[in-house]
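Report on the following structure.
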Ligand code: PEP
Ligand code: MG
């Protein structure tokens, strides 16, 4: 099928240390797919859709009004394909659209966006998606097409969920879009304290993975705006409260066979890598430039853990 056409000899990935914890890579723009794959990462831990839409300079609603829903679906299919191809058969975790209204406001069609005092506490991520199913359904349609094309390495991740209600609603919409949820890998980002505290119910609702979005998890746990320079020195992803939420979530997920991962910036920091490997996280997704160092740090921590058990 379609898949065969893209099955070509790829450049040899650099020799990387063998680790039990997988090391993946974050991809923010479709054009970075090749460079990301060349790191030898075990997959994409976070592929953002934002750039694919925002780079058209239109809100999703405006884009669909101007160009039609098929063109909108194509933007996503083509954007995701670049990574799905480069990494095949390694998994590529695609996050559904997550931009705050203040970013959408800058674009054509942005005049229709709600004016919010606190966009970061407002209408973004899964909240917006569930509220605008007419738009969201086209994202899901793009996933369905990718699966039909043979990209069974594509995974679906929902941002800013709080609880099992969000998960059930997203799951229902996937089913309505004819996505076989038993066959596909799908999950959530853990970005709010609520989501960390409610992860057991989400596990029972069928998620396959939970990925820590520590940029937001830190901002919401500490009530420190991630974009406010005034309090930047208080933005601490290694704060005990943040680590406690992460540690507890990993433990609960392990009990329920749910994979855990990190895709926030902190995944590129050695201290966070040490903590996560010790807690037994399944994978760590880092920035392209950090993958190599994270691979070696994971190896170092894993070796130390093994030595500690035989001592
Ligand atoms: C995060 O919150 O850590 C994350 C990865 O998502 P974003 O930075 O896009 O909000
Ligand atoms: Mg986030």
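Every number here is computed from the coordinates shown, using simple stated rules; none is lab data. Since the model is a prediction, treat every value here as computed from it, not as a measurement. Positions of Cβ are backbone-derived with ideal geometry, glycine not excepted, and every protein chain shown enters the neighbour counts.
Details
- When the P(r) of the range 88-231 is calculated, the portion above 23 Å amounts to 38% of the C-alpha pairs.
- Spatial offset of the range 254-310 relative to the range 79-158 amounts to 27 Å, using the alpha carbon center of each.
- The relative contact order of the range 176-250, computed from alpha carbon pairs under 8 Å that lie at least 6 residues apart in sequence, is 30 percent.
- Residue list for the range 223-256, given a label point 7 angstrom along the Cα-to-Cβ vector of residue 200 and an amide N cut-off under 17 Å: 245-256
- Relative packing of peptides 201-209, 109-117, 22-30, 269-277 - highest average C-beta neighbours within 10 Å first: 22-30, 269-277, 201-209, 109-117
- Inverse of mean 1/r across different Cα pairs in the chain, Kirkwood, Å: 19.9 Å
- Between residue 231 and residue 311, the contour length at 0.36 nm per residue exceeds the alpha carbon distance by 24.4 nm.
- Dividing the mean sequence gap of close Cα pairs (under 8 Å, 6+ apart) by how many residues the chain holds gives a relative contact order of 19 percent.
- Model label sites at residue 182 and residue 131, defined 7 Å from Cα along the beta-carbon direction, differ in position by 3.5 nm.
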